[in-house]
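Remarks on the structure that follows.
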Amino acid sequence: MTALRRLYGYLRPYRVWAIAAIGSMIVFALTQVVLAALVQPLIDDVLTRPGAVHKVERPHSTVAEAETFVQQHAPAIYRAKQRFDRWWSGDASHKADRVLTILLMVFVTRAITSFLSEYAFQKVGLSTVRDLRNQLYERMIHQSHRFFTERSTGEMVSRVVSDADAIQAAVSTRMGDLLQESVTLVGLICYLFYLNPLLAVVSLFGAPLIVIPVVQFGKRLRKTTHKSQERMAEIATLLEETIRGVRIVKAFTMEPFEIGRFREATRKHLRWNLSAQRIQALTSPVMELLAGVCMVLLFAYAQSRIAAGTLTGGEFASFLTALALMYAPIKKLNKVNLSLNTALSAAERVFRMLDVENDVREKPGALALRSVGSGVRYEGVTFTYGNEPVLRNIDLDVAPGEIVALVGGSGAGKSTLVNLLPRFYDVTEGRITIDHSDVRDTTLQSLRGLMGFVTQEVVLFNDTVRNNIAYGRAGIDEQQVIAAASAANAHEFITNLPQGYDTTIGESGVLLSGGQRQRLAIARALFKDPPILVLDEATSALDTESERLVQQALNNLMQGRTTLVIAHRLSTIRSAHKIVVLDKGRIAETGTHEELLGRRGVYRKLYDLQFVDDDLVKDVAGC
Ligand code: ADP
C-alpha cells in the first residue's frame, strides 16, 4: 500500500497528462457500450425495411426514475437528451442515415480517444520511470562501498532496468487496462440491465456455470502437465545416469535391470501425458456444449419474447453483442491483477533500494580540505565489516611527501586500511586525520579530490584514451594529457594506437595489455596530480619490459606525493620511506627494508616467502 502511495508521488508531476489519459480512456470505454447499443438500430432500422419492425415500448420504471433524477439535478443534460431524443425519433425515413452518422462519429471518437489515452498513459509511465531511474542511480552512485559489496551487480542492474520496466508497464499499460476494462464492463452490465433486466440477471448469474468448469479443467490440466513434465525429467536423469555410467552397467551386466527401470519411467510418463491430453481434449467440447445449451435456451427465450412483441431482433442481437464484448475485459482484468502485483513488488524492491541509508554521509557544515598539510594520521583505528575486527588499534603517521609501503599476507587488512582514508568505509573506532582534520568532518569532494587511486583492477571506461586519462574533467588541456601519459610511459603506445588519443578503449574498444592498462591508470592519476596517492600494486605478473615501464611510471607518480602503497614489488618497497607490516589486522612491524630484514620478524618471513621468489628475479633483471 505504501509502495502504491509512493508511486503516486512520482506520478504527481504528470497529473495533467494522467487526467487527459483517464478522460479519453473513459470516453473510449464508453464507445464500446455505444457500439453494442448501436447493434439494435443497425438491425432494426438500417438492415430492415422501414416499418417492418414492430417497435416495442418497454415500461422501464427505473429508466423513468433516472430521467426524473437527471431532470431535477442536471437540467442541461436533460435538455440535451430531450433534443437528442427528438432528433433520434424524428422523421422515420431518415433514421437509417442517423444511425450510420452516429456509427461514424463513434468510430471517429474511438480513433481520437484511443490515440490520446494510449499516448498520454505512455507519457505518464515513461516519464515516471525515467525520474525513478535517475533518482535510483543518483542514490546508488553516492552509496558507500559497503552497499556495493553487499549486493551483486546483477541485483543492482535489475533494480534499475527490469524492475523499473515492470513499473513502467504497470503504469503505462496495466493501469489503463484496469480503468478501461472496468468502465467497459460496468457500462456493458448497465446496458444489459437497461435492455432486459431478466435476461441480464439470468446471463450474468448463468455465466459462472460455464466459467467454473473451465477453471476446474485448467487447474487439473496444469497439475497433470506438471506431473508429466516431472516424469520426463526422471527419464532424462535416468538416461544421463546410465549413459554416463554405461561401463559400470555393462560390467555388472545390469542391462535388463536398467531397461526395466527405463520402461517403468516411460510408462508413468505416458500415463500422465495421456491424462493431460484427455483433459485438454475434453475442455473444448465441454465448453462448446455448455455454451451451445445456453445459446439454445437464450434463443428460445428470445423467440418467445419477440413473438409476444416485447423484444425486437435488434435488441436481442445487441444484447448478445454486449454479452460477448464482456469476455475480453474479464480476461484482461484477470491478467491485470497479476501484472499489477508484479509491478507492486518491483516497486517495493526499488523503494527498498532507494531507502538504504548511506553509511558514509557528509556532515552538515563539513569543511573543505585544501591540502595534505601536516600529513595523514591513523589514530587508534579499529575497523570491522560486521563481526570480527579486521583492523585493530592502528596508529600510523604518514608525513607529507612520505611513501609508506604496506606489506602483509593476504587478508592482513592492507586494502581495508587504505580504503578508510577516502572514506570508502568509516572507521569503527579511532579516527583518521589529514592536516589534523578528522576525515569525517570534511566534505567528501575535497577529501577525495586530494587523492589519486591506482588499483589492481584497472577500470577503463568505454571512451577515448584522452577522456580516460582526463576522466571527469571538462576543458581538457591536450598538453597536460600528453605530459601525464609521457610520465606514465604510455605516450608511445598511445600514439601507436589506430587513432592515437582518440582511440576508443574499454568494453567495445581495442584490447590493451595488462601493463598498458596499468600505465593508463597511472597516467590518469598523474593527470589529476593529487597530493595524496593510494596505490594497490598489481600482483599479476607482467613481462620484464612491461614491469620496468610500469615501475618507472609508478616512481614518477609517487615522486613528491604522500603515498600509501600496498606493495607487491621489491623495488617499490626499497624506495619506500617506511614499511608497515600488517599481520591479522595489527601493525606487526614498522621500519625500512634493511631495518626490518635485520629484525628477522614477520617481514623477514614474508620476504623470504614472497619477494625472494619472484620479485627479486624481476628486480634484478628489470632495474
Ligand atoms: P588484504 O588487502 O591484506 O588482503 P583485506 O583488507 O582485503 O586484506 O581483508 C582483510 C579482511 O577483511 C579479510 O579477512 C577479508 O576477508 C575481510 N574483508 C575484506 N573485504 C570485506 C568486505 N567487503 N566484507 C566483509 N569482509 C571483508
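Laid out as a table, the results:
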read-out: Checking VAL56 against (1) at pLDDT 80 or above; (2) among the β-branched types (Val, Ile, Thr); (3) surrounded by 14 or more Cβ atoms within 10 Å (Cβ to Cβ), the condition it does not meet; value: (1)
read-out: Leading residue by the ranking (farthest from ILE432 (Cα to Cα)) among those in the stretch 352-376 that are without any contact (Cβ under 8 Å) to a residue 24 or more places away in the chain and within 35 Å of the chain's Cα centre (by Cα); value: ARG352
read-out: Residue in the stretch 582-595 that is nearest to the ligand (Cβ to nearest atom), counting only those that are under 18 Å from PHE383 (Cβ atoms) and out of contact with any Pro (no Cβ under 8 Å at 6 or more places or on another chain); value: LEU582
read-out: Every residue from the stretch 575-604 that is of a type in the set (Lys, Arg) and free of Cβ contacts under 8 Å to residues at least 24 places away in the same chain; value: ARG599, ARG600, ARG604
read-out: Within the stretch 146-180, considering residues that are among the hydrophobic types (A, V, I, L, M, F, W, C) and within 16 Å of the ligand (Cβ to nearest atom), the one farthest from ASP359 (Cα to Cα); value: MET156
read-out: The stretch 144-168 residues that are touching a residue at least 40 places away in the same chain (Cβ under 8 Å), paired with ones that are of a type in the set (D, E, K, R) and away from the ligand (no atom under 16 Å from the Cβ) (beta carbon under 6 Å, 6 or more apart); value: ASP163/ARG349; ALA164/ARG133
read-out: Search result, residues across the stretch 456-470 that are modelled with pLDDT under 85 and either in contact with a Leu (Cβ under 9 Å, 6 or more places away or on another chain) or at positive phi (or both); value: VAL458, LEU460
read-out: Unmet criterion (only one of (1) of a type outside the set (Ser, Thr, Tyr); (2) modelled with pLDDT of 85 or more; (3) surrounded by fewer than 21 Cβ atoms within 10 Å (Cβ to Cβ)) for LEU597; value: (2)
read-out: Residue match in the stretch 313-332 (condition: without any contact (Cβ under 8 Å) to a residue 60 or more places away in the chain and of a type in the set (D, E, K, R)); value: yes
read-out: Pairs, first farther than 15 Å from LEU533 by Cβ in the stretch 408-437, second within 7 Å of the ligand (Cβ to nearest atom) and of a type in the set (S, T, N, Q), C-beta under 8 Å, six or more apart; value: TYR425/THR416
read-out: Test for SER371: is it out of contact with any helix residue (DSSP H, G or I) (no Cβ under 8 Å at 6 or more places or on another chain), within 26 Å of ILE141 (Cβ to Cβ) and away from the ligand (no atom under 16 Å from the Cβ); value: no
read-out: Qualifying positions in the stretch 394-407 - over 21 Å from ARG574 (Cα atoms) and either without any contact (Cβ under 8 Å) to a residue 60 or more places away in the chain or buried (at least 18 other Cβ atoms within 10 Å of the Cβ) (or both); value: ILE394
read-out: Filter result (outside any loop (DSSP other than H, G, I, E, B) and either touching a Cys at 6+ places or on another chain (Cβ under 6 Å) or among the polar types (S, T, N, Q) (or both)) within the stretch 244-272; value: THR266
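The values are calculated or read from the model by the stated rules, or taken from the named source; none is laboratory data. Computed from a predicted structure; not experimentally measured. Every residue, glycine as well, gets a Cβ built from its backbone with ideal geometry; the counts of neighbours run over all protein chains shown.
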